[in-house]
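Here's the structure, in C-alpha cells; my notes come after.
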Amino acid sequence: MILSDNVRGAMLAVCAFGIFSVADTIVKYETQFLPVPAVTAMVTGAAALFIALYAVLKGQGRTLVPATPAFTLGRGALLASETAIIYYAFSAIPLADVYVLTFLTPIFVSVIAIAFLGERPSPLVAVGIVLGFIGVLVAFRPGAMAFGAGHFAAAGSALIFAITLVMIRIAPPRESDLALVISPMVILALGSGMVTLMTTGFPAISTGELALILVAGFCLFAGNLLIVRAYRIGAASFLAPFQYCLIFWGALNGWLVFGASVELFTWIGAAVIVAAGLMVLQADRASV
C-alpha cells in the first residue's frame, strides 16, 4: 500500500510528539532540583551536539550551515524563545495544564496556513481539528484552573510554535533539515547559558542527572528532525490535529514519573481525539 505524503507526515508527527513528551517530562523533573536556565542550556546544548554528530557521521557536516541565514536563523530565534518559554511553564505549573494550552497550536497552525499559505482544508478536516480540541477540553477540563504566569507562558509558546511549524512549509527547498533543526538549539543553548552564568552559575550535577540531560537532548534532536520532515512533506492544516496525541504521552509519562492518576474524563477525551484523528485521515483518503 502506498501512503500519501499527508499520512506519512502524520506518522512522523505522532512519533515526534511522543519523543518530545519524553524530553518535556525530563525537563519538568530536573527543574525541581536545578535552575530552569541551566537545565535549558544543558539540554539544548546536548541536542546541538547530537545533531552535529549525526551530520558528521552521515557525511553532511556542511548542511549544518544555513543556506538561507536570514530565514533559518530567524526561525531558530523564534523556536528558541518558544522552548525557553515553555520550559518556564513546565517548571511553574502541572504538565497537564501546559499540554492543555499548547494544544492551541493546531488551531493556530490551521488558521495561519489558511490565511497565509492558501491551504483549504476540507470540511471534514476542519471538523476534525475542532473535535480534537474539544476532546482535550473534555480530558483536562481546564475551566477549573486559575490562570497564572505559567499558563500565559504556555499559551504564548503555542502561538510561537505554530508560526515556526508553518514556516517549515515555506522554507527554501535548498535549506537542509539539519540546519533548520540545529539553529534553534545553538541559539537557545548560548542564550540560556549566558543567563545561567550571569545568575546562578552552572550547578554540579550527578551522573544520573547527566544521563537524563543527555536523554532529553537526544529526544530534542530526534523529535525536531522528525517534525521538520513531517511538515516538509505534509500539509500544515492536515498535520495540525495530530499534536493532540500528546494527551496520551502526557498521561502516560505523568503516571510513570509523577504518579499522576489518569481520570475517566481523560480517557473519554482521548476517545474523542482518536475519532478526530481518524476523521482527518479519512478526509485525506477521500481526496486521493
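The values are calculated or read from the model by the stated rules, or taken from the named source; none is laboratory data. Please read these numbers as outputs of a predicted model, since none were measured by experiment. Cβ sites come from the backbone with ideal geometry, for glycine too, and all protein chains shown count toward neighbours.
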(Q) Quick check on this structure: which one of P37, P106 is out of contact with any strand residue (DSSP E or B) (no Cβ under 6 Å at 6 or more places or on another chain), within 27 Å of L190 (Cβ to Cβ) and either in contact (Cβ under 8 Å) with a residue 24 or more places away in the chain or not basic (K, R) (or both)? (A) P37
Q.
Take V195 and tell me if it is more than 22 Å from the chain's Cα centre (by Cα) and either free of Cβ contacts under 8 Å to residues at least 24 places away in the same chain or part of a helix (DSSP H, G or I) (or both).
A. yes
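Going by the conditions given, is I85 among the aliphatic types (A, V, I, L, M), in a helix (DSSP H, G or I) and at pLDDT below 90?
no
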Q.
Pull out all pairs, ordered by first then second residue, where Cβ-Cβ is under 7 Å, the residues are six or more apart or on different chains, the first lies in segment 233-251 and is surrounded by 24 or more Cβ atoms within 10 Å (Cβ to Cβ), and the second is not in a helix (DSSP H, G or I).
A. A236/L117; A236/E119; S237/E119; S237/P121; F238/P121; Q243/F103; Y244/F103; A251/V262
Q: Restrict the check to segment 223-233 and report whether at least one residue is over 17 Å from G18 (Cα atoms) and at pLDDT below 90.
A: yes
Q) T63 fails exactly one of the following numbered conditions: (1) part of a loop (DSSP other than H, G, I, E, B); (2) surrounded by fewer than 19 Cβ atoms within 10 Å (Cβ to Cβ). What is the number of that condition? A) (1)
Q | Every pair of residues 6+ apart whose Cβ atoms lie under 7 Å, when the first sits in segment 160-178 and is in a loop (DSSP other than H, G, I, E, B) while the second is of a type in the set (S, T, Y) and buried (at least 18 other Cβ atoms within 10 Å of the Cβ) | A | E175/T72
Q.
Testing L53 on (1) touching a residue at least 60 places away in the same chain (Cβ under 8 Å); (2) surrounded by fewer than 21 Cβ atoms within 10 Å (Cβ to Cβ), one condition comes back false. Which one is that?
A. (1)
Q. For residues in segment 15-49 being of a type in the set (F, W, Y) and surrounded by fewer than 20 Cβ atoms within 10 Å (Cβ to Cβ), which is nearest to Y231 (Cα to Cα)?
A. Y29
Q: Pull up segment 133-154, narrow it to residues that are at pLDDT 70 or above and over 16 Å from L246 (Cβ atoms), then point me to the one that is surrounded by the most Cβ atoms within 10 Å (Cβ to Cβ).
A: A153
Q.
Can you tell me which of (1) over 17 Å from V100 (Cβ atoms); (2) surrounded by 21 or more Cβ atoms within 10 Å (Cβ to Cβ); (3) at pLDDT 75 or above; (4) not hydrophobic (A, V, I, L, M, F, W, C) is the one T207 doesn't meet?
A. (2)
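Go through A271, A275 for me and flag whichever is modelled with pLDDT of 75 or more and over 12 Å from L124 (Cα atoms). Break it down stepwise before answering.
Working: A275 fails: over 12 Å from L124 (Cα atoms).
None of the others qualify; the one that does is A271.
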